[in-house]
1. Looking only at residues in region 160-177 that are without any contact (Cβ under 8 Å) to a residue 12 or more places away in the chain and not acidic (Asp, Glu), which one is nearest to Gly2 (Cα to Cα)?
2. Looking only at helices (runs of 4 or more DSSP H) that fall completely inside region 111-213, which ones have 2 or more residues that are among the small types (Gly, Ala, Ser)?
3. Mind checking which residues of region 310-326 are assigned to a helix (DSSP H, G or I) and either of a type in the set (Val, Ile, Thr) or over 18 Å from Met257 (Cα atoms) (or both)?
4. Restrict the check to region 300-316 and report whether at least one residue is more than 20 Å from Leu236 (Cα to Cα), surrounded by fewer than 18 Cβ atoms within 10 Å (Cβ to Cβ) and touching a Leu at 6+ places or on another chain (Cβ under 7 Å).
5. Exactly one of (1) surrounded by 15 or more Cβ atoms within 10 Å (Cβ to Cβ); (2) over 30 Å from Ile6 (Cα atoms); (3) not polar (S, T, N, Q) is unmet by Gly77. Its number?
6. Would you check which residues across region 132-159 are of a type in the set (Asp, Glu) and either under 24 Å from Pro3 (Cα atoms) or at pLDDT 85 or above (or both) and list them?
7. Condition check: touching a residue at least 24 places away in the same chain (Cβ under 8 Å), farther than 28 Å from Ser192 by Cα and out of contact with any Lys or Arg (no Cβ under 6 Å at 6 or more places or on another chain). Does Pro226 satisfy that?
8. Exactly one condition in (1) within 30 Å of Asp13 (Cβ to Cβ); (2) of a type in the set (D, E, K, R); (3) in contact with a helix residue (DSSP H, G or I) (Cβ under 8 Å, 6 or more places away or on another chain) is false for Lys47; which is it?
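The values are calculated or read from the model by the stated rules, or taken from the named source; none is laboratory data. As the structure is a computational prediction, the values presented were derived from the model and not from experiment. Methodologically, a virtual Cβ is constructed for each residue, glycine included, from the backbone with ideal geometry; neighbour enumeration extends over all protein chains shown.
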Amino acid sequence: MGPEPIALRAHADAVKSVLRANSDMRGVNDNWNEFVKVLRLEVDQPKARIMGVTSQAIAQASRTILSGTRVGEFRDGDKTIDIVLRQPLDEREHLTDLSSAYLPTASGASIPMAQLVQPRLVWEPGVLWRENRDYSITVQGDIVEGLQGATVTNALLPQLRALEAQWARDGSNGYRIEVAGAVEESSKGATSILAGVPIMLFIVFTLLMLQLHSFSRALLVFLTGPMGIAGVASALLLFNRPFGFVALLGVIALMGMIQRNSVILIDQIEQDRAAGIPAWEAIIESTVRRLRPIVLTAAAAVLAMIPLSRSVFWGPMAIAIMGGLIVATVLTLFALPAMYAAWYRVRPGASAAG
């Protein structure tokens, strides 16, 4: 993005060179297309004023010769057809034909257009795009199969920022590179999700309170939600997948899976204590008794994500859920009983009430 189109086009060509040099990019192009040949009329304005010829008269005459001027319409039943006044093809197919046209003057006389106008063929951008009142060129391309746009963008971004800094050192102020495409859309999606996170956490905690009938027990379950973050990060790094919008969705879903397992374990502990089993034994026995159901449900979820993990788009979400659920399940079975015992100050040999 920048203030001057010709300089911006040169900078865009430099960006395209960087993208084409990357082995993961294919078909790099931009949305301004190539320069097109146009006919430009250079008017001698001082002489035109002396002759009494206005710029509007010159524009009208050239339009009549080249594209035609609508002078009326012909009605055929319920249809109308424009009547266009235009020079015959043999009188407008050459550039010199435009110079031999005549222009009306203020005195009512006519003079050849060649006395006031010099037609020239020049090259200029065929399409000019703007964004936020600046000229904007979108440089884009495809990527090789098996990669995501965010991965290639992160690899290219250091070179692009170095190129942007070079423009500033060369005096090309006001020109900048902004990342768009999949990365920008992912950022928008993540922002929209994060905006609803406080409400989501409030609703989840409220449901835990209704289920467990205790603030302390609900808080214990709530704190187990982030336990899978270490597994998510490890899995994404291991499989070289980006932490983007879909991976964030996976983390949110993962928190629900982890808290579900925690609710099962906490509820079993409370049932055993209510049955008269000493608190210390209730913690140990409940963990052992619920080990198989928790592990099997976690394993079923992990195995179900394996086919989805090969998808380019949904793969990061599947990898995040798989890695996070494996680590969180282990941590839940070891950390949650310890957290429960520490919270309620349970010691070996404690009674069911204590």
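1. Start the filter on region 160-177 by keeping residues that are without any contact (Cβ under 8 Å) to a residue 12 or more places away in the chain, which leaves 162, 165-166, 168-171, 173.
After this cut, where a residue has to be not acidic (Asp, Glu) as well, the list is 162, 165-166, 168-169, 171, 173.
Numbers: Ala162: 17, Ala165: 14, Gln166: 15, Ala168: 12, Arg169: 15, Gly171: 13, Asn173: 8 Å.
Among those residues, the one meeting the criterion is Asn173.
2. Filter on region 111-213 gives 149-169, 181-195.
3. Arg310, Gly315, Ile319, Ile321, Ile326
4. Within region 300-316, not a single residue is more than 20 Å from Leu236 (Cα to Cα), surrounded by fewer than 18 Cβ atoms within 10 Å (Cβ to Cβ) and touching a Leu at 6+ places or on another chain (Cβ under 7 Å).
5. (1) is the only condition that Gly77 fails.
6. Matches in region 132-159: Asp134, Asp142.
7. So Pro226 fails the test.
8. (1)
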